[in-house]
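> Below is the structure I would like to discuss, written out as structure tokens.
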Amino acid sequence: MTKQVLQPAGWAVPKGYANGVAASGRLVFVAGQIGWNAASQFDSDDLVDQARQALLNVRAVLAEAGAGPEHICRMTWYLMDKRDYLARAADIGRAYREVLGREFAVAMSAVQVAALVEDRAKVEIEVTAVVPGG
């Protein structure tokens with residue numbers, strides 16, 4: 001599978017994500033993953049720790065479909081506190097690279113929400129991936 005980054009002429013190139021991505025193959029939808037471990041328990045209330053764990057959870061679900069970070073085409077981050085996210089962006093970026101590598105050809109959105117279903121959750125991440133084949 002090859003991904004085509006969609007970058008309109010004359011637009012500033014975004015840092016760390018793509019404005020759009022086109023791909024073909026088998027679609028894999030990963031439900032929103034939060035920063036708890038495989039036993040559904042939080043090991044930390046820190047945003048960066050939870051983001052890292054949520055990304056590990058995303059990677060684990062992708063692996064069940066024979067997919068990896070390179071197959072991610074779309075990612076949405078739901079955040080409890082955008083100020084915390086912006087203030088910790090460098091640390092979150094490091095966690096992202098540790099877990100997913102340098103896979104930035106991803107159409108990404110981040111939104112602040114009033115609440116997540118799990119009270120201790122600071123972030124929830126959902127993903128759409130495209131795996132080669134049908």
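The values are calculated or read from the model by the stated rules, or taken from the named source; none is laboratory data. Model, not experiment: these values are computed from the prediction. Methodologically, a virtual Cβ is constructed for each residue, glycine included, from the backbone with ideal geometry; neighbour enumeration extends over all protein chains shown.
> Are any residues in the range 96-112 surrounded by fewer than 14 Cβ atoms within 10 Å (Cβ to Cβ) and either of a type in the set (V, I, T) or within 12 Å of M75 (Cα to Cα) (or both), and if so, which ones?
Residues satisfying the conditions are S109, V111.
> Are there any pairs with C-beta distances below 7 angstrom linking a residue in the range 88-104 that is closer than 17 Å to E126 by Cα and without any contact (Cβ under 8 Å) to a residue 12 or more places away in the chain to a residue that is among the β-branched types (V, I, T) and assigned to a helix (DSSP H, G or I), with the two at least 6 apart or on different chains, and if so which?
none
> Suppose we filter the range 1-20 for residues that are exposed (fewer than 13 other Cβ atoms within 10 Å of the Cβ) and modelled with pLDDT under 90; how many remain?
2
> Would you please name the residue that is modelled with the lowest pLDDT, looking only at residues in the range 98-118 that are assigned to a loop (DSSP other than H, G, I, E, B) and in contact with a Pro (Cβ under 8 Å, 6 or more places away or on another chain)?
Step by step, filter the range 98-118, then rank; the result is E103.
> So, one more: Within the group N57, N37, which residue is farther than 21 Å from K3 by Cα and touching a helix residue (DSSP H, G or I) at 6+ places or on another chain (Cβ under 9 Å)?
N37
> Looking only at residues in the range 119-129 that are in a strand (DSSP E or B) and in contact with a helix residue (DSSP H, G or I) (Cβ under 6 Å, 6 or more places away or on another chain), which one is surrounded by the fewest Cβ atoms within 10 Å (Cβ to Cβ)?
I125
> Then there's this: Taking interchain pairs and intrachain pairs at least six residues apart, which have beta carbon atoms under 7 angstrom, with the first residue in the range 32-58 and part of a loop (DSSP other than H, G, I, E, B) and surrounded by fewer than 18 Cβ atoms within 10 Å (Cβ to Cβ) and the second of a type in the set (K, R) and modelled with pLDDT of 95 or more?
Between residues of the range 32-58 that are part of a loop (DSSP other than H, G, I, E, B) and surrounded by fewer than 18 Cβ atoms within 10 Å (Cβ to Cβ) and residues that are of a type in the set (K, R) and modelled with pLDDT of 95 or more, the close pairs are D45/R120.
> A follow-up question, please. Among the residues of the range 72-84, count how many are assigned to a helix (DSSP H, G or I) and touching a helix residue (DSSP H, G or I) at 6+ places or on another chain (Cβ under 7 Å).
1
> In the list A95, A87, A65, which residue meets the criterion of being touching a helix residue (DSSP H, G or I) at 6+ places or on another chain (Cβ under 7 Å) and modelled with pLDDT of 95 or more?
The match here is A95.
> While we're here: Here is a check on your reading of the model: is N37 under 19 Å from the mean Cα position of the chain (by Cα) and over 20 Å from N57 (Cα atoms)?
Here the answer is no, as N37 does not meet what is asked.
> Ok, one more. Just one of the numbered conditions (1) surrounded by 15 or more Cβ atoms within 10 Å (Cβ to Cβ); (2) within 21 Å of Q7 (Cβ to Cβ); (3) free of Cβ contacts under 8 Å to residues at least 24 places away in the same chain is not true of C73; which one?
The failed condition is (3).
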